[in-house]
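Below is one structure, written out as C-alpha coordinates; the observations come after it.
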Amino acid sequence: MKTSIEQFFASQAFAVVGVSRNSRKFGNIIFREMKNKGFAVYPVSAHLPSVEGVSCFARVDELPESVKSLVIVVHPEAAAEIVVRAHTKGITNIWLQQGAESDKAIAFAKQHGLNLIHGQCILMFTEPVKSIHAVHRWINRLVRSYPQ
(Lines give C-alpha, C1' and ligand atoms only; values in the text may rest on other atoms or scores of the structure.)
Protein backbone atom coordinates (compact mmCIF):
# COMPACT_ATOMS: atom_id res chain seq x y z
CA MET A 1 0.00 0.00 0.00
CA LYS A 2 2.90 2.39 0.66
CA THR A 3 3.85 2.27 -3.04
CA SER A 4 0.24 3.01 -4.04
CA ILE A 5 0.16 6.02 -1.72
CA GLU A 6 3.47 7.32 -3.07
CA GLN A 7 2.14 6.93 -6.62
CA PHE A 8 -1.03 8.80 -5.66
CA PHE A 9 0.93 11.77 -4.30
CA ALA A 10 3.33 11.84 -7.27
CA SER A 11 0.62 13.52 -9.37
CA GLN A 12 0.91 17.14 -10.48
CA ALA A 13 -2.74 17.87 -9.71
CA PHE A 14 -5.53 16.44 -7.59
CA ALA A 15 -9.30 16.74 -7.28
CA VAL A 16 -11.71 16.18 -4.40
CA VAL A 17 -15.20 14.94 -5.21
CA GLY A 18 -17.61 15.53 -2.37
CA VAL A 19 -17.17 19.14 -1.31
CA SER A 20 -20.29 20.81 0.07
CA ARG A 21 -21.73 24.01 1.47
CA ASN A 22 -20.80 22.86 4.96
CA SER A 23 -17.17 23.74 5.66
CA ARG A 24 -17.10 21.15 8.45
CA LYS A 25 -17.83 18.23 6.11
CA PHE A 26 -14.90 15.96 5.41
CA GLY A 27 -14.74 16.71 1.67
CA ASN A 28 -14.21 20.39 2.48
CA ILE A 29 -11.68 19.61 5.20
CA ILE A 30 -9.64 17.47 2.79
CA PHE A 31 -9.85 20.07 0.03
CA ARG A 32 -8.85 22.90 2.39
CA GLU A 33 -5.96 20.93 3.93
CA MET A 34 -4.56 19.98 0.54
CA LYS A 35 -4.93 23.53 -0.79
CA ASN A 36 -3.30 25.04 2.31
CA LYS A 37 -0.40 22.59 2.02
CA GLY A 38 0.35 23.70 -1.52
CA PHE A 39 -1.25 20.92 -3.55
CA ALA A 40 -2.76 21.86 -6.92
CA VAL A 41 -6.25 20.69 -6.02
CA TYR A 42 -9.64 21.18 -7.65
CA PRO A 43 -13.06 20.84 -6.02
CA VAL A 44 -15.80 18.84 -7.76
CA SER A 45 -19.47 19.44 -6.98
CA ALA A 46 -22.49 19.31 -9.26
CA HIS A 47 -24.36 21.57 -6.82
CA LEU A 48 -21.94 24.40 -6.01
CA PRO A 49 -20.40 27.12 -8.16
CA SER A 50 -17.46 27.44 -5.74
CA VAL A 51 -16.10 26.27 -2.40
CA GLU A 52 -13.45 27.84 -0.18
CA GLY A 53 -13.17 30.62 -2.78
CA VAL A 54 -12.32 28.24 -5.65
CA SER A 55 -14.59 27.52 -8.63
CA CYS A 56 -15.98 23.99 -8.64
CA PHE A 57 -16.03 21.61 -11.54
CA ALA A 58 -19.48 20.09 -11.95
CA ARG A 59 -18.17 16.67 -13.04
CA VAL A 60 -14.98 14.66 -13.08
CA ASP A 61 -15.12 14.71 -16.89
CA GLU A 62 -14.48 18.49 -16.85
CA LEU A 63 -11.27 18.40 -14.80
CA PRO A 64 -7.97 19.53 -16.35
CA GLU A 65 -5.88 16.82 -18.00
CA SER A 66 -3.16 17.33 -15.36
CA VAL A 67 -5.40 15.75 -12.68
CA LYS A 68 -4.30 12.13 -12.27
CA SER A 69 -5.30 11.63 -8.62
CA LEU A 70 -8.83 11.83 -7.28
CA VAL A 71 -10.11 11.78 -3.69
CA ILE A 72 -13.70 10.57 -3.40
CA VAL A 73 -15.69 11.65 -0.34
CA VAL A 74 -19.29 10.79 -1.21
CA HIS A 75 -21.89 8.23 -0.18
CA PRO A 76 -20.78 4.72 -1.19
CA GLU A 77 -23.65 4.30 -3.67
CA ALA A 78 -22.35 7.29 -5.68
CA ALA A 79 -18.67 6.26 -5.59
CA ALA A 80 -18.84 3.59 -8.30
CA GLU A 81 -20.09 6.00 -10.96
CA ILE A 82 -17.37 8.48 -10.04
CA VAL A 83 -14.69 5.79 -10.34
CA VAL A 84 -16.01 4.86 -13.80
CA ARG A 85 -15.96 8.52 -14.89
CA ALA A 86 -12.44 8.94 -13.51
CA HIS A 87 -11.24 5.91 -15.45
CA THR A 88 -12.86 7.23 -18.66
CA LYS A 89 -11.16 10.59 -18.05
CA GLY A 90 -7.76 8.93 -17.66
CA ILE A 91 -7.42 9.48 -13.92
CA THR A 92 -5.39 6.55 -12.67
CA ASN A 93 -5.13 7.15 -8.91
CA ILE A 94 -8.25 6.87 -6.77
CA TRP A 95 -8.47 7.43 -3.02
CA LEU A 96 -11.78 6.24 -1.58
CA GLN A 97 -11.93 8.07 1.71
CA GLN A 98 -13.30 6.03 4.58
CA GLY A 99 -17.08 6.12 4.36
CA ALA A 100 -17.07 6.36 0.55
CA GLU A 101 -16.03 2.77 -0.05
CA SER A 102 -18.32 0.46 -1.96
CA ASP A 103 -17.72 -3.06 -3.22
CA LYS A 104 -18.76 -1.98 -6.70
CA ALA A 105 -16.29 0.94 -6.81
CA ILE A 106 -13.45 -1.21 -5.46
CA ALA A 107 -14.17 -4.05 -7.90
CA PHE A 108 -14.26 -1.69 -10.90
CA ALA A 109 -10.98 -0.02 -9.91
CA LYS A 110 -9.24 -3.36 -9.45
CA GLN A 111 -10.67 -4.81 -12.66
CA HIS A 112 -9.37 -1.81 -14.64
CA GLY A 113 -5.95 -1.66 -13.01
CA LEU A 114 -6.44 1.65 -11.25
CA ASN A 115 -4.17 2.58 -8.36
CA LEU A 116 -6.74 2.36 -5.55
CA ILE A 117 -6.29 3.36 -1.92
CA HIS A 118 -9.05 2.73 0.60
CA GLY A 119 -9.32 1.99 4.30
CA GLN A 120 -6.95 4.88 5.11
CA CYS A 121 -7.58 8.55 5.88
CA ILE A 122 -5.78 10.73 3.34
CA LEU A 123 -5.06 13.38 5.98
CA MET A 124 -2.64 11.00 7.70
CA PHE A 125 -0.43 11.32 4.60
CA THR A 126 -0.60 15.02 3.63
CA GLU A 127 2.62 16.28 5.16
CA PRO A 128 3.08 17.95 7.52
CA VAL A 129 0.46 15.98 9.45
CA LYS A 130 -0.92 17.90 12.42
CA SER A 131 -3.64 17.81 15.06
CA ILE A 132 -5.94 14.80 15.36
CA HIS A 133 -4.57 13.30 12.16
CA ALA A 134 -1.08 13.12 13.68
CA VAL A 135 -2.56 11.29 16.68
CA HIS A 136 -4.50 8.99 14.35
CA ARG A 137 -1.31 8.23 12.41
CA TRP A 138 0.62 7.57 15.65
CA ILE A 139 -2.05 5.12 16.83
CA ASN A 140 -2.09 3.36 13.46
CA ARG A 141 1.69 2.99 13.61
CA LEU A 142 1.42 1.68 17.15
CA VAL A 143 -1.11 -1.00 16.18
CA ARG A 144 0.74 -1.65 12.91
CA SER A 145 -2.11 -0.66 10.59
CA TYR A 146 -0.13 2.22 9.05
CA PRO A 147 1.30 1.26 5.62
CA GLN A 148 5.00 0.39 5.76
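The values are calculated or read from the model by the stated rules, or taken from the named source; none is laboratory data. All values reported here derive from a predicted model rather than from experimental measurement. Methodologically, a virtual Cβ is constructed for each residue, glycine included, from the backbone with ideal geometry; neighbour enumeration extends over all protein chains shown.
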Of residues in the stretch 16-33 being crowded, with 20+ Cβ neighbours inside 10 Å and of a type outside the set (S, T, N, Q), the one nearest to SER69 (Cα to Cα): VAL16
Which listed residue is part of a strand (DSSP E or B) and either touching a helix residue (DSSP H, G or I) at 6+ places or on another chain (Cβ under 9 Å) or under 27 Å from PRO147 (Cα atoms) (or both), from SER69, SER4: SER69
Members of the stretch 28-43 found to be in contact with a Gly (Cβ under 9 Å, 6 or more places away or on another chain) and more than 17 Å from CYS121 (Cα to Cα), listed by number: PRO43
Some residue of the stretch 127-145 being hydrophobic (A, V, I, L, M, F, W, C) and at pLDDT 70 or above: no
Answer from SER20, SER55 - the residue that is among the hydroxyl-bearing types (Ser, Thr, Tyr), more than 22 Å from PRO147 (Cα to Cα) and touching a helix residue (DSSP H, G or I) at 6+ places or on another chain (Cβ under 7 Å): SER20
Conditions (1) out of contact with any Leu (no Cβ under 7 Å at 6 or more places or on another chain); (2) under 23 Å from GLU127 (Cα atoms); number of the one not met by ASN22: (2)
Filter result (in contact (Cβ under 8 Å) with a residue 60 or more places away in the chain and surrounded by fewer than 18 Cβ atoms within 10 Å (Cβ to Cβ)) within the stretch 76-110: GLY99
Test: residue in the stretch 25-48 that is in a strand (DSSP E or B), over 19 Å from LEU96 (Cα atoms) and out of contact with any helix residue (DSSP H, G or I) (no Cβ under 8 Å at 6 or more places or on another chain): no
